[in-house]
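Take a look at the structure below.
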Amino acid sequence: MEDSYQLKLAIAGPDGLQITLTGNWKVRHALPESAPLEDWLDSHPGTKQISFDSTAMSGWDSALLTFLVRVTAIAAKNTIQVDQSGLPDGVQKLLHLASAVPERGDARRTAGKVSFLARIGNQGMAVAGTATEALAFLGEAALSLARLLRGKAQFRWSDLLLTLQQTGAQALGIVALISFLVGIILAYIGAAQLVNFGATMYVADLVGIGMARAMGAMMTGIIMAGRTGAAFAAQLGTMQVNEEIDALETLGISAMDFLVLPRMLALILMMPLLTLYADLFGILGGLFVSVTTFDIGIIEYLHRTQEAVNIRHVMVGLTEASVYGVLVAVAGCYQGIKCGRSSSAVGAAATSAVVSGILLIVIATAFLTVIFNVLGI
Amino acid sequence: MSALAESATTATASGPDVHIQVKDLTMAYGSFIVQQDLTFSIQRGNIFIIMGDSGCGKSTLLRHMIGLKRPVKGQVLYEGKDFWAAEPLRRKGFMRSFGMSYQGSALWSSMTLAENIALPLQEYTDLSAADIRELAQLKLALVGLAGFEDYYPAEISGGMMKRVGLARAIALDPDILYFDEPSAGLDPISSRLLDDLILELRDSLGATVVIVTHELASIFSIGDNSVFLDAEKRTMTATGNPKQLRDTSTDPKIHRFLTRGEA
């Protein structure tokens, strides 16, 4: 539908202006301009009153209203009286409604300019604030664990079992697939170098120790961060949005015990088991490449692996896995608990859970590697 | 029946005309029939109440009328045209003339109040960003929230959210306004003010209003006509002006409902 509204300005009486509205004031393309009115008022400075004639107007919608709101504002600025009686009843009522509740002075937000230095300062303060918050969360989590050991933590064991199933059993497929592929990659890269020394046989050592000491735990940790950490953040974040966490707190149930504890326990228990499982599949991946590409016999390969990988390597991997479990669980639950109250905040919480989970895993790996090295393990 | 509001846009003020018709409608979730054999019509410019006890399918009926759920059997007619038999594109055209205010406000939480109201305008008009902003400001002023454009839904009270939901519903100047439990969760005064606002908007926009509610105060103060759904019989048991139903209905259940079981 074409916009077919028209506006006519005419002198009415000694100091009056009559605005005649004709045509269809239903507008879909651009709102009516108020510039002609301002021009008219500039050239007729003595105007004291504005009235309307809308008898020839065939239809209207909010576009007319916005135009009239502008007219009213211009009139108020020039201390001109507006006589609305020539407007349709509905329009008069709506105009009355629009001005019935005056704007609250303190409601509108003013976006003040912030200087560059102030922005840096604000960012720094925010980082410090977040760090304190995260440490407080960690402390609460530790207290919650202590309450569990004293048998005073309040949570439902069925929740723990369900989380165990979700984090453990249901992750078997993806962990197996990724570990197998990592085993294949390690074997290929290793063999390509070792073949120069005629030491292809040592692929088994490389894959076995690599998986057991580091890669098994690390890949499982990253999978858990993406899969379980994000899920924790999204679950707890949605509960925060729905005030479910408030409902727990008002019942005197600690969200820490009830929600965070079972999730942490589940990950701490499942991470080492999944890591062992990942080690196995990584070694199978190496075996697959060695047998199919480098003509190493199955028995030879397994025997070599058995000689190379001792319990020490496996324990190092499992220690790392437990640490990663704690980190991923804490990152996920922390982001979920401090989630804002909107759908986009839940998305942001899930993203941060994954990113901070992986970041923490990498940092922890660096520290643990140095520590194990110093200890000579 | 109260005087019909003269439509601001049409010149035909002669007698009541039927705006919405529901014919022989059956609603079901899977094999579970919620309500069947619903037949009633709504006059243009009326405030029509869908009432009944909890769980009788009031909101479900609304979802069938606005196109969120397809009826198992029967028709919903707008100005005589079958809504569900229409092409998807035509159905979208019908839906453009509806404004819906949801029970939980259903504001998009990641958008400011102004953006919430602007979205339908961006989708359906060619207006510039500045024009859309001005319209959004106007709609917020109409519901008494001038100056709150840049707030997020999480930062305002439940009653304010309800009013923003209403502002969003009238963003496109709809012919029909649907309300699902408009006064749920509001204090009596806010609820009364919202009723007044609905009346004002009906009178000035000339829209037809359909409200799902069981607030007796609202039903009697603004309802022109109504339908009563019975949860046990799974069909409508009465239609008519709510006050008349209260005074004349012989169905004990309707009488009890409309008198809060006190008379």
Answer yes if at least one residue in segment B:47-62 is without any contact (Cβ under 8 Å) to a residue 60 or more places away in the chain and crowded, with 16+ Cβ neighbours inside 10 Å, and no otherwise. yes
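Let's see how each residue does on (1) assigned to a strand (DSSP E or B); (2) not aromatic (Phe, Trp, Tyr):
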{"site": "B:Met27", "(1), (2)": "yes, yes"}
{"site": "B:Asp37", "(1), (2)": "yes, yes"}
{"site": "B:Phe48", "(1), (2)": "yes, no"}
{"site": "B:Met51", "(1), (2)": "yes, yes"}
{"site": "B:Ser54", "(1), (2)": "no, yes"}
{"site": "B:Thr60", "(1), (2)": "no, yes"}
{"site": "B:His64", "(1), (2)": "no, yes"}
{"site": "B:Leu68", "(1), (2)": "no, yes"}
{"site": "B:Val76", "(1), (2)": "yes, yes"}
Is it true that A:Thr20 is among the polar types (S, T, N, Q) and within 30 Å of B:Leu172 (Cβ to Cβ)? yes
What tally of residues in segment A:321-346 results from selecting those that are in a helix (DSSP H, G or I), within 14 Å of another protein chain (Cβ to nearest Cβ) and either touching a residue at least 60 places away in the same chain (Cβ under 8 Å) or among the hydrophobic types (A, V, I, L, M, F, W, C) (or both)? 3
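Name the residues in segment B:114-135 that are of a type in the set (A, V, I, L, M) and either within 12 Å of B:Ala171 (Cα to Cα) or surrounded by fewer than 18 Cβ atoms within 10 Å (Cβ to Cβ) (or both), would you?
Within segment B:114-135, B:Ala114, B:Ile117, B:Ala118, B:Leu119, B:Leu121, B:Ala129, B:Ala130, B:Ile132, B:Leu135 meet the criteria.
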Per the filter on segment B:118-128, residues more than 12 Å from chain A (Cβ to nearest Cβ) and assigned to a loop (DSSP other than H, G, I, E, B) are none
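Look at B:Thr112 and say whether it is closer than 23 Å to B:Phe257 by Cβ and modelled with pLDDT of 90 or more. It would help to see each step written out before you state the result.
Values: closer than 23 Å to B:Phe257 by Cβ: no; modelled with pLDDT of 90 or more: yes.
Spelling it out, it is not the case that B:Thr112 is closer than 23 Å to B:Phe257 by Cβ and modelled with pLDDT of 90 or more.
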Answer yes or no: is there a residue in segment B:64-86 that is hydroxyl-bearing (Ser, Thr, Tyr), surrounded by fewer than 15 Cβ atoms within 10 Å (Cβ to Cβ), more than 18 Å from B:Tyr102 (Cβ to Cβ) and in the same structural domain as B:Leu258 (by TED's automatic domain parsing). no
Which residues, taken from segment B:224-237, are crowded, with 22+ Cβ neighbours inside 10 Å and either within 14 Å of chain A (Cβ to nearest Cβ) or touching a helix residue (DSSP H, G or I) at 6+ places or on another chain (Cβ under 7 Å) (or both)? B:Ser226, B:Phe228, B:Leu229
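Going through B:Ala154, B:Ala167 one at a time, which residue ends up being small (Gly, Ala, Ser), at the interface with another protein chain (Cβ under 10 Å from one of its Cβ atoms) and part of a helix (DSSP H, G or I)?
Just a single option satisfies the conditions, and that option is B:Ala154.
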From the list A:Phe67, A:Phe116, A:Phe137, pick out the single residue that is among the aromatic types (Phe, Trp, Tyr), farther than 29 Å from A:Cys339 by Cβ, outside the structural domain of A:Met270 (by TED's automatic domain parsing) and surrounded by 10 or more Cβ atoms within 10 Å (Cβ to Cβ). A:Phe67
Being modelled with pLDDT under 90 and either in contact with a His (Cβ under 7 Å, 6 or more places away or on another chain) or surrounded by 13 or more Cβ atoms within 10 Å (Cβ to Cβ) (or both) narrows B:Leu107, B:Leu38 down to just B:Leu107
Hey, among the residues in segment A:16-64 that are more than 18 Å from B:Tyr124 (Cα to Cα) and among the charged types (D, E, K, R), which one's farthest from the other protein chains (Cβ to nearest Cβ)? A:Lys48
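Yes/no per residue for (1) assigned to a helix (DSSP H, G or I); (2) facing chain A (nearest Cβ under 10 Å):
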site	(1), (2)
B:Gly99	no, no
B:Ala106	no, no
B:Ala130	yes, yes
B:Gly147	no, yes
Contact list, first residue from segment B:109-124 and closer than 21 Å to B:Gly147 by Cβ, second anywhere and aromatic (Phe, Trp, Tyr), beta-carbon distance below 6 Å, six or more apart or interchain, is B:Thr112/B:Tyr152; B:Leu113/B:Phe148; B:Leu113/B:Tyr151; B:Asn116/B:Trp108
Which of the residues belonging to segment B:170-179 are at the interface with chain A (Cβ under 9 Å from one of its Cβ atoms) and under 18 Å from B:Asp195 (Cβ atoms)? B:Ile170
In segment B:200-212, which residues are farther than 21 Å from B:Arg96 by Cβ, modelled with pLDDT of 90 or more and within 14 Å of chain A (Cβ to nearest Cβ)? none
Scanning segment B:87-101 residue by residue, those surrounded by fewer than 19 Cβ atoms within 10 Å (Cβ to Cβ) and among the hydroxyl-bearing types (Ser, Thr, Tyr) turn out to be B:Ser97
Being over 25 Å from the mean Cα position of the chain (by Cα), among the β-branched types (Val, Ile, Thr) and in a helix (DSSP H, G or I) is the requirement here; does A:Ile174 meet it? no
Could you list, in sequence order, all residues of segment A:6-37 that are in contact (Cβ under 8 Å) with a residue 40 or more places away in the chain and assigned to a loop (DSSP other than H, G, I, E, B)? A:Ser34
Among (1) surrounded by 12 or more Cβ atoms within 10 Å (Cβ to Cβ); (2) modelled with pLDDT of 85 or more; (3) assigned to a loop (DSSP other than H, G, I, E, B), there is one condition A:Ala153 misses while meeting the rest; what is its number? (2)
Tell me, please, whether a residue that is touching a residue at least 12 places away in the same chain (Cβ under 8 Å), more than 7 Å from chain B (Cβ to nearest Cβ) and within 23 Å of B:Asp175 (Cβ to Cβ) can be found in segment A:65-82. yes
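Residue by residue, here is whether (1) of a type in the set (D, E, K, R); (2) buried (at least 16 other Cβ atoms within 10 Å of the Cβ); (3) in contact (Cβ under 8 Å) with a residue 40 or more places away in the chain; (4) within 30 Å of A:Gly23 (Cα to Cα) holds:
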residue: A:Val91; (1), (2), (3), (4): no, yes, no, yes
residue: A:Gln123; (1), (2), (3), (4): no, no, no, no
residue: A:Leu161; (1), (2), (3), (4): no, no, no, no
residue: A:Thr167; (1), (2), (3), (4): no, yes, yes, no
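The values are calculated or read from the model by the stated rules, or taken from the named source; none is laboratory data. Worth saying up front: this structure is predicted, and the values here are computed from it rather than measured. Reconstructed Cβ throughout: ideal geometry from the backbone, glycine too, with neighbour counts over all protein chains shown.
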